[in-house]
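*Asks:* Submitted below is the structure of interest, expressed as structure tokens.
What follows is calculated from the coordinates using simple rules that are stated; it is not laboratory data. Since the structure is predicted, the reported quantities are computational estimates derived from the model, not experimental observations. Note that each Cβ is placed from the backbone with ideal geometry, even for glycine, and that neighbours are counted across all protein chains shown.
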Amino acid sequence: MIMATLILVISTALFFFYIQVTCQKILRRKFDQEYAASIVNANRLEFPAVRKALEEFDAPVDYARLRMTLRCDFLALTYLLKNAGNLNQRYSHEERLLIMYGRALFFSLFLRHLLQLKEKPAVLKLAAVLQYFANIVGQRVNRVRFGNLAPSDYLLSL
Amino acid sequence: MRPSLFNTGIQYACYAAELGVVFFLGRRSRLRDEVWLAAYLAALLGVGIIRSYGLYSYGVNSIQYAYSYWLTDVVLALGAFLLVCALFRRACSRHSRLWATLRTMLVSVFALVAGVSFISLSKNYDHLFSMFIVEFQQNLYFACLVLNTLLYLLMAHLESTDEQLNWLVIGLGLQFSGPAANLAFMYLAHSQSHSGSLFSYLSPLCTLGMLSIWLYAVARVPSEVPERVSGELAVETAALRPLRAARPS
């Protein structure tokens, strides 16, 4: 009985560990250029400011505002992910997994707040997910806008 | 283990993913290098066919199907153990002394697992479908999970740059941890119907998760050429250099 309980606890923990490792490895993907900045500016997303405040100044966290900010950015980016420059209007498998991971992180943020634990690690992980989404959207928009044309070719064709 | 549309869908998705992994391995001419991976995939495919045959010939509640299901699961778990050993070898391709130590340890662990499996299966063959088989499988999967996690930690310690291997290990981790947790839950719940039905969903889903990760690994992630091969190529290139220089342009 004790052995089975031990196996249940350790295996469940390792199951979630491997899922988290999978998500973190997807998030570490390198893009050929920084696409996120244009999407962040165009849609007035706030997560880079939140991340900067936490990383550089270690500012105290206003939980209610932070949660609302991240939630709004998450909703905006998941909408754009499906509808902006996406010909299939469908999430890929990676995106679905990361959306679930994002929701799990929101739940973790809520639990951390409830148990009065540090919220910073969960917020930084959420910001990394949002940064990845912004990069994907930016990459798609960039590809659709010009197709195979270089910007100069596009201008000459006008 | 009642077959449903969902289970059948997962089963066919698994077959498609297996074929996809083999296709990409073949396309990159890596079937010979990844022979253990190909063998494990072949075992997965074979087990799927045997189980389907048992299911459609004898029915879901028959003793024949139960025997084919659990005994093929034991074969799969032992095959997975050998695959983990092969991945250990690949991770230690640049550390021959470490591999010599690990090889002895892995052979001892495999002999122990195989010996204990053989003795306990032969002793309990008459009452195989009591809680014995659940406990036995749970221990086997857990041993594989611990070894796989050790491999993951070893790779992190050695700062391995083999991304494909990293993905393969993560996939295997999912494949072992889900069923190990579920079998332990079944054992604690004394094989009540809800724990059994959870197993019938979770186990194929974990296999599909592993195969999807492997498919991504072999299709998208570049494989690192082992040191030995790159060394041979360097020697060949050096040997060809004077010939190239002498060739008229």
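*Asks:* Can you work out which of the residues in the stretch A:17-75 that are polar (S, T, N, Q) and out of contact with any Gly (no Cβ under 6 Å at 6 or more places or on another chain) is farthest from A:Leu114 (Cα to Cα)? Let's see the steps before the verdict.
*Replies:* First pass over the stretch A:17-75, keeping only residues polar (S, T, N, Q): A:20, A:22, A:24, A:33, A:38, A:41, A:43, A:69.
Restricting the remaining residues to those that are out of contact with any Gly (no Cβ under 6 Å at 6 or more places or on another chain) gives A:20, A:22, A:24, A:33, A:41, A:43, A:69.
Numbers: A:Gln20: 22, A:Thr22: 27, A:Gln24: 25, A:Gln33: 39, A:Asn41: 33, A:Asn43: 31, A:Thr69: 19 Å.
Among those that are polar (S, T, N, Q) and out of contact with any Gly (no Cβ under 6 Å at 6 or more places or on another chain), it is A:Gln33.
*Asks:* Give me the pairs: first residue in the stretch A:100-127 and free of Cβ contacts under 8 Å to residues at least 40 places away in the same chain, second residue surrounded by 14 or more Cβ atoms within 10 Å (Cβ to Cβ) and among the β-branched types (Val, Ile, Thr), beta-carbon distance under 6 Å, and six or more apart or on different chains, which are they?
*Replies:* If the second residue must be surrounded by 14 or more Cβ atoms within 10 Å (Cβ to Cβ) and among the β-branched types (Val, Ile, Thr), the pairs left are A:Gly102/A:Val129.
*Asks:* If you don't mind, there's one more thing I want to ask. Which condition does A:Ser38 not pass, out of (1) farther than 18 Å from A:Asn142 by Cα; (2) more than 14 Å from every other protein chain (Cβ to nearest Cβ); (3) among the small types (Gly, Ala, Ser), if it passes all the others?
*Replies:* Against the list (1) farther than 18 Å from A:Asn142 by Cα; (2) more than 14 Å from every other protein chain (Cβ to nearest Cβ); (3) among the small types (Gly, Ala, Ser), A:Ser38 comes up short only on (1).
*Asks:* Here's something else I'd like to know. Within the stretch B:150-175, how many residues are closer than 17 Å to A:Ile7 by Cβ and within 8 Å of chain A (Cβ to nearest Cβ)?
*Replies:* 2
*Asks:* Quick one: would you say A:Gln33 is in contact (Cβ under 8 Å) with a residue 60 or more places away in the chain and more than 9 Å from every other protein chain (Cβ to nearest Cβ)? First the steps, then the outcome.
*Replies:* Values: in contact (Cβ under 8 Å) with a residue 60 or more places away in the chain: no; more than 9 Å from every other protein chain (Cβ to nearest Cβ): yes.
Taking the combined requirement at face value, the residue does not satisfy it.
*Asks:* Condition check: surrounded by fewer than 17 Cβ atoms within 10 Å (Cβ to Cβ) and out of contact with any Pro (no Cβ under 6 Å at 6 or more places or on another chain). Does A:Leu66 satisfy that?
*Replies:* Details: surrounded by fewer than 17 Cβ atoms within 10 Å (Cβ to Cβ): no; out of contact with any Pro (no Cβ under 6 Å at 6 or more places or on another chain): yes.
Considered against the rule, which asks whether it is surrounded by fewer than 17 Cβ atoms within 10 Å (Cβ to Cβ) and out of contact with any Pro (no Cβ under 6 Å at 6 or more places or on another chain), A:Leu66 comes out as no.
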